[in-house]
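The values are calculated or read from the model by the stated rules, or taken from the named source; none is laboratory data. What you see is a predicted model; the values in this text were computed from it and never measured. For neighbour counting, all protein chains shown are included, and Cβ atoms are generated from backbone atoms with ideal geometry for every residue, glycine included.
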Amino acid sequence: MRGFAKTLLELPGTVYVPSKVYLYGVYKGRVKFSDREKGVYFVDVGSETLFLPYSKVHTKTLLPGEEVVVQVEDIPWGNKKPVATTNITFPGEKAVLIPGNRVLVSKKIVDMEKRGFLIALGMELRPEGWGILWRTISGEHDEAELRAEVKRLVELVELVNRKKWEASAPCLLHGEIVRDRVLFSSPTFSALDRERGFVTPTLRGHHQLKSPGYNLDLSLATLEQLILESPELKEKLEKHLEESMKKFLWPKPGESVLIEHQKLDGTVLYLGRAVVKSVDDKQLLLERKVHTDGVYNGLGVPKRVGDLIETLVQPYEWWTHTRYLRQNQVVGEYVNINTPAEVCPDRIRYIDLEVDVIRKPGGEIEIVDKEKLEKHRDITISSKLVETALKKAEEAVWYLGGGR
C-alpha cells in the first residue's frame, strides 16, 4: 500500500483500489486472443489483461501466443480494461520522445525565436528512429535543463530496448506513473463534512451533494454563508437540507431505480432496475421480478421466472436486506453487509463489504464470506472497517433472528 493510501484509509468508509498497471507503463505482453467483432486483442502483461484495439497496432496482425511490446495509454474508470498501444512514447516533464524523426513544439509556445531554438535543439538531440515533442513548460527552462531531460529519456529508451530482448513475457519493462482510485462512501462524506467544518462553515451533507448523481437546485454556498453570519441557524438549516434531500432526491413509490453494487476491487455490478414499493423517512422497499431461471447467489436456492425479490434499503444502516419470494412464500433471505446506501434520484448505490448473512429455507442463519473480507484488511480497507463489517454481520444475525 502506498503511503498516501494509509492516510486516506483513516477516513471511515474509504476503499483504496490500487491500479494493476502503470499509466504509460511499457510492458512485454503475450496475445491471449483476438475479438474480431470488437476489433481488439486481449494482451496478458502479467498483472492485468489489456485491451489492444486493432487501430492501436502499428506493426502487423498479431496471433494468439505472440509476444508484443505495448504501452498503457489509458486506465478508464469503472469496469473497463486498460487500453494499450504498440506506438510507444517516453514522456518526460519537458519533452516526449515519439516514434519517427520529427521535432514538434507545443502550440502554446508562440514566441517564434523560442520555437526555432527548440526545433534546432531537438534535431540535434533526437536519437535515431525517434522524434521529440517539446511540452509547453519547456519554454520556461534553459538549454542545460532541456539537454538533461532528453539525455534521461534517451537512456530510458536504451534501457527498455535492452530489457525487451532479455525479459520473458509477460513482464513490466518500465513504469513510473500510477493511477490508483479511492472510493468514498456515505461515512466518508460525513467525515469530510466534519473536517471541512473546522475551517469553514459546512452543512451536514455538503460532500454527498457534491458527489456525482445528485442534482439538487440548492445553493450550499448561500446556506453556509448564513451559518457564518448566524451560527445559531446551523441545526435548523441542516434539518431543512436533510428534508429537502429526501423530498427532491429520494425516488417516489412507483418509480424505478438502478441498484449499483460496487465491489472492493472497484468493479461495479448493476443489479438491475427495481420498482419503489414504499418509502418513508428511514427506508425504501424495492421490488424486482425474476426473468430468468438460475440459482440465488450464496443461498444455493433455485431461481425461477416470476419470483419476486424484495430489498429493504435503510440509508443509515450498514446493510441491505433482501427476501426472495415465490408465490408469496419466502424461499430465502440475504443480508448484504455494505456501506450505508446513498439514495440518488435514479439509483441506490453502496460499496459491498464482502461478508453477508443468509437464511436458507430451513431457517438456518449463517454468516458467510468472512475470509473474502479478511483478504482486504489493511490492503484496500482499514482494519477498523473490517471490524465494523464483522460487527454489523453479528447484528444482522440478531436482526434476522427476530430482534428487529
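Summary table below
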{"quantity": "Among the candidates Thr311, Thr322, Thr292, residue that is out of contact with any Lys or Arg (no Cβ under 9 Å at 6 or more places or on another chain) and polar (S, T, N, Q)", "calculated": "Thr322"}
{"quantity": "Filter result (part of a loop (DSSP other than H, G, I, E, B), closer than 17 Å to Pro99 by Cα and touching a Phe, Trp or Tyr at 6+ places or on another chain (Cβ under 8 Å)) within the range 55-75", "calculated": "Val57"}
{"quantity": "Leu237 being touching a helix residue (DSSP H, G or I) at 6+ places or on another chain (Cβ under 6 Å) and either surrounded by 14 or more Cβ atoms within 10 Å (Cβ to Cβ) or not in a loop (DSSP other than H, G, I, E, B) (or both)", "calculated": "yes"}
{"quantity": "Subset of the range 176-189 that is surrounded by 15 or more Cβ atoms within 10 Å (Cβ to Cβ) and over 14 Å from Leu8 (Cα atoms) - its residue that is farthest from the chain's Cα centre (by Cα)", "calculated": "Ser186"}
{"quantity": "Counted residues, the range 181-223 - those being closer than 17 Å to Ile351 by Cα, at pLDDT below 90 and part of a loop (DSSP other than H, G, I, E, B)", "calculated": "3"}
{"quantity": "Among (1) within 22 Å of Pro302 (Cα to Cα); (2) free of Cβ contacts under 8 Å to residues at least 60 places away in the same chain; (3) of a type outside the set (A, V, I, L, M, F, W, C); (4) part of a loop (DSSP other than H, G, I, E, B), the one test that Pro361 misses", "calculated": "(2)"}
{"quantity": "Qualifying residue in the range 272-281 (condition: under 28 Å from Lys80 (Cβ atoms), part of a strand (DSSP E or B), among the aliphatic types (A, V, I, L, M) and assigned by the TED database to the domain that holds Val355)", "calculated": "yes"}
{"quantity": "Residue among Gly131, Gly139 that alone is modelled with pLDDT under 95, surrounded by 12 or more Cβ atoms within 10 Å (Cβ to Cβ) and not hydroxyl-bearing (Ser, Thr, Tyr)", "calculated": "Gly139"}
{"quantity": "Conditions (1) closer than 18 Å to Val368 by Cβ; (2) under 25 Å from the mean Cα position of the chain (by Cα); (3) not in a strand (DSSP E or B); number of the one not met by Pro340", "calculated": "(1)"}
{"quantity": "Filter result for Gly332 (closer than 17 Å to Val295 by Cα, at pLDDT below 95 and either outside the structural domain of Ser211 (by the TED database) or assigned to a loop (DSSP other than H, G, I, E, B) (or both))", "calculated": "yes"}
